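Note sheet for the following structure.
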Amino acid sequence: MKFIIRDDDLNYFSTPSDIREWYDDLFEQGMPVGFSSIPYVKPISDVYTGTASPEDIEYAISQNQELTAYVRAQSCIDVLQHGTTHETVGGVFEYARIVPRTETLRGREELEHAFDRPVTVFVPPHDWIGSSGVLSVEHANMHILRGRGAGLRNLIPRWRYAYLFFIMLAHKLRYTLRAQVPAYPHVIDFGKHKELCSYRLEDTDVFEGLKYAKEKDGVFVVVTHLHVFDKQKKERLLELIARAREYGAEFVAPSSVFVS
């Protein structure tokens, strides 16, 4: 089995010390971490922590030279794209709305400019993405790392989608009597992009999910959030890592599992 750490919300307002505080010990062991990075932050973005600014200004992550220099030098960091601005408007998450076809590409280009490395994996803000968002991600030639609902929340009129919809439905029905259906533990190939499911560190069944992925010789992904991390959450993550080691897991970067 493979074990992946995905940390969300790296952005213009983040600092290298935010990362070092919680991940230096893992980096020293050579353990990769995928940081879902927000290309542009506006004052109406969910993660904005600045002072009063004009509503239409965008804080590009490339403008934080201290952060970009640190990430470029840290080989254990895998950069993922986390939306484009991470805005929620009228209670609707960014990629649950109609997304312009080129919007994902705009964000990907900013991240690749900032960190000088390819970015091939997209993480929807709040793990919600509509069919319009999926098409925008495909236009940018990226794969999707999301929450538990891969294959069921979108149904694009393609034979491959219909086929995989029933596979995912069967998976859900197989475990319908459980309190929570386990995340599908393998990469799903939708033809024009691939998807993989995640658990949040706080999920009550996260350890059961790890065991399930081990039984299926699959991929287990745990989601953390850098800016709301604390000692209790770090201890839970370390316990999860220790259990994964007992299972003989391979610790890998998120981008690597989508490579054929």
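The order of ARG146, ARG178, ARG117, ARG153, going from fewest to most other C-beta atoms within 10 Å of their C-beta, is ARG178, ARG117, ARG153, ARG146. Taken over the chain, lysine pairs spaced eight or more positions apart, or on distinct chains, with alpha carbons under 29 Å apart number 29. Per residue, the convex hull around the alpha carbon atoms of the range 10-125 comes to 108 Å³. Here the range 5-32 is scanned for amide nitrogen atoms under 18 Å from the site 7 Å beyond the Cα of ARG200 along Cα-to-Cβ, giving 5-10. Residue separation of THR49 and ILE98 scaled by 0.36 nm, minus their Cα-Cα distance, works out to 15.0 nm of gained length. Ranking SER198, LEU111, PHE13 by how far each Cα lies toward the positive end of the dipole of the chain (charges on Cβ) leaves SER198 at the top. Per-residue extension of 0.36 nm, minus the Cα-Cα distance of GLN232 and LEU155, leaves a gain of 23.9 nm for this segment. Using a 7 Å offset from Cα along Cα-Cβ at GLU215, what residues in the range 1-42 end up with backbone N under 19 Å from the label point? Only 1-3 pass the distance filter.
Using 0.36 nm per residue, how much length does the chain from HIS186 to VAL259 gain when fully extended, once their Cα-Cα distance is taken away?
Working: separation 73, 0.36 × 73 = 26.28 nm, distance 1.30 nm.
Length gained between HIS186 and VAL259: 25.0 nm.
Cα extents for the range 151-250 along the principal axes, largest to smallest and rounded to whole angstrom: 46, 29, 27.
Here the calculated FRET efficiency for GLU208 and MET31, from their Cβ-Cβ distance with R0 = 25 Å, stands at 0.65, rounded to the nearest 0.05.
Per Stokes-Einstein, at 37 °C and 0.692 mPa s, what whole-number D in µm² s⁻¹ belongs to the range 64-131, with the Kirkwood radius over Cα pairs as the hydrodynamic radius? If you can, show how the numbers build up before the last one.
Working: Rh = 13.0 Å.
Once the numbers are plugged in, D ends up at 253 µm²/s.
Dimensions of the range 2-258 along the principal axes, based on C-alpha atoms and rounded to the nearest Å, stand at 51, 44, 30, largest first.
Near THR224, the amide H atoms lying under 5 Å from its own belong to ARG6, ASP7, ASP8; only residues 5 or more places off or on other chains count, and H is placed 1.01 Å from N.
For the modelled label position 7 Å from the Cα of LEU135 along Cα-to-Cβ, which residues of the range 156-187 have backbone nitrogen atoms closer than 20 Å? So the set is 156-165. Inter-part distance, the range 104-152 to the range 183-222, computed on C-alpha centroids, equals 18 Å.
Bear in mind these aren't lab numbers, they're just calculated from the coordinates by the rules spelled out. All values reported here derive from a predicted model rather than from experimental measurement. Glycine gets a Cβ as well: all are built from the backbone with ideal geometry, and neighbour counts include every protein chain shown.
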